[in-house]
Amino acid sequence: MNVLIATDGSMDVPAAAAAARRLAGDEGRVVILTVVEIPRRVLEGLRAVYTAPPPVREMGENPALVTPAEPPVMNPEWPGDDAIIARYVHNQVTQRTAELAEALAAEGVDAQVVGREGEDPTSEILEAIDEFGVEVVCLGSHGRNRLDGLLGSVGNKVARRAPCSVLLIKPS
């Protein structure tokens, strides 16, 4: 059986690893998926660190009246938005999945780790179900979303829309 474990890094790792091992058996495949949302304010903050302050010219005798002489200049060592985003996604994927991948390896399961950038984890999970031929999705019952009660959790949305079975892993 092909199993997808969708995680934001907050699930009960031993329970998820044991469940995935039982479900996948010897013939199945296990994919660990995490969806990383890029906080654009982080990118803007990093750009500011790499931006040289513009030269300033004073206007009149009042030192409070200054204006930039030129627009800010990006430091040539700035690796670029795409490289910064890729590094951020990689770090988040590693942080969120490493413990689970290690627990699965201890259970004798060689899991594939997949990280995606996206704003809607539900859509990304549903796409991965089709892409990997998943028969069961394992999700943590309590994620990091603080608006679960107001908007509905990812687990609830996936359970309603998934074309396969969904197993919620409750914390022990």
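Within segment 137-167, the set of residues being modelled with pLDDT of 90 or more and not in a helix (DSSP H, G or I) comprises V137, C138, L139, A162, P163, C164, S165, V166, L167.
Against the numbered list (1) open to solvent by 70 Å² or more (accessible area, probe 1.4 Å); (2) at pLDDT below 95, E127 comes up short only at (2). Could you tell me whether any residue of segment 118-136 is in a strand (DSSP E or B), touching a residue at least 40 places away in the same chain (Cβ under 8 Å) and not aromatic (F, W, Y)? Yes - at least one qualifying residue is present in segment 118-136.
One line per residue, one yes/no per condition, for (1) modelled with pLDDT under 75; (2) within 25 Å of E117 (Cα to Cα); (3) touching a Cys at 6+ places or on another chain (Cβ under 8 Å):
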position: L43; (1), (2), (3): yes, yes, no
position: V49; (1), (2), (3): yes, yes, no
position: V56; (1), (2), (3): yes, no, no
position: N62; (1), (2), (3): yes, no, no
position: E70; (1), (2), (3): yes, no, no
position: G80; (1), (2), (3): no, yes, no
position: I85; (1), (2), (3): no, yes, no
position: Y88; (1), (2), (3): no, yes, no
position: N91; (1), (2), (3): no, yes, no
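Hey, can you tell me all the residues within segment 100-115 that are under 15 Å from the mean Cα position of the chain (by Cα) and either open to solvent by 40 Å² or more (accessible area, probe 1.4 Å) or modelled with pLDDT under 95 (or both)? Correct list: V113 only.
What about L33, is it part of a strand (DSSP E or B), crowded, with 17+ Cβ neighbours inside 10 Å and at pLDDT 75 or above? Break it down stepwise before answering.
Working: part of a strand (DSSP E or B): yes; crowded, with 17+ Cβ neighbours inside 10 Å: yes; at pLDDT 75 or above: yes.
So L33 passes the test.
The values are calculated or read from the model by the stated rules, or taken from the named source; none is laboratory data. Just so we're clear, the structure is a prediction, and the values are computed from it rather than from any experiment. Methodologically, a virtual Cβ is constructed for each residue, glycine included, from the backbone with ideal geometry; neighbour enumeration extends over all protein chains shown. Each accessible area value is taken on the protein alone, full model and side chains, heavy atoms only, with ligands, DNA and RNA left out. Shrake-Rupley method; radii C 1.70, N 1.55, O 1.52, S 1.80 Å.
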